[in-house]
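Here the structure comes first, spelled out in structure tokens, and everything after it is commentary.
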Amino acid sequence: MTDASVAAPRPEAIVEASAPAKVNLTLHVTGQRADGYHELDSLVVFADVRDTLRLAPSETMRMSVNGAFAEGVPADARNLVWQAAEKCGGIFDISLAKNIPHGAGLGGGSSDAAAVLRELKRPDLAAQLGADVPVCLSAQPQRMRGIGQFLDAAGLMPELALVLVNPGVHVATPDVFRALDRKINPPMPPLPKGIDADWIGWLSEKRNDLQAAAVSIAPVIGDALAVLDDALLARMSGSGATCFGIYPDMAAAQSAADRIAGDRPDWWVTATRTIGATPS
Ligand code: C5P
């Protein structure tokens, strides 16, 4: 008997998927491997702002990209979404709406590719598509170690009200790692346990070790952090340039987002909430 929950989708089925933004609430760089990649210790969560995808079975593989951030996104085999669909053995007409800035510390193509693997029931292929893809599969809060291959569920976390701010600059990830002063930094202590723990206090004592390096390359990231100075906590995500602020509730987040968007009409600013862990 076939278990429908694990069977590959029928070729005639249209698949719709959404890819939430990945946010590194912390990102400690704890070492460098012989192959040059850096060892990380990061608390990764997902925010309810999404790219969306539609895969319709087709005679030939095709792809179109639209949305506010379509510019510069390849609509061919260079795109991780295309590669994910192909690895799953499907031939599709793919539409991808890029609503989230890419190359911006928010998961980008990795989250898009993970969404495809999730919907096509092939999570086993994630690591083949890149170090950041496995963490994006579940879209749940996780502690990520190594270069992304060691994942532990963070368990129940409070839903956080966030403002995401991208100051419109692109910083290349390898450049940020190269600009690091110190590549061996302390890992994180154990995560707080449970929804009622002092997460903000715990997060405040942690770091994004890439932040100072990214600011040195693109000082406008410092401006993005400065406009979030009324947040409970403001920090950069990933290798930048997007920064997040955590606010007491969604009303406060929305009013901060309105203020920042008014002051900086050329920046991408959005109020959103984290996607909490599903109670098991
Ligand atoms: O994962 P992504 O393709 O964005 O990584 C781009 C580059 O960033 C890598 O080629 C590597 O130079 C650097 N990197 C790293 N350590 C990591 C992740 C990325 O040094 N854990």
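The values are calculated or read from the model by the stated rules, or taken from the named source; none is laboratory data. Bear in mind the structure is a predicted one, so any value in this text is a computation, not a measurement. All Cβ positions, even for glycine, are placed from backbone atoms using ideal geometry, and neighbour counts span all protein chains on display.
Here is how the numbers come out for the structure above:
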quantity: Boolean, Ala84 is within 14 Å of the ligand (Cβ to nearest atom) and among the small types (Gly, Ala, Ser); calculated: no
quantity: Where Ser138 falls short, out of the listed (1) within 15 Å of the ligand (Cβ to nearest atom); (2) modelled with pLDDT under 95; calculated: (1)
quantity: Strands (runs of 3 or more DSSP E) (entirely within segment 1-74) containing at least 3 residues that are buried (at least 19 other Cβ atoms within 10 Å of the Cβ) and modelled with pLDDT of 95 or more; calculated: 15-24, 38-57
quantity: Neighbours by Cβ (under 6 Å, 6+ apart or cross-chain): first from segment 48-74, touching a residue at least 24 places away in the same chain (Cβ under 8 Å); second exposed (fewer than 15 other Cβ atoms within 10 Å of the Cβ) and among the acidic types (Asp, Glu); calculated: Arg54/Glu16; Pro57/Glu12
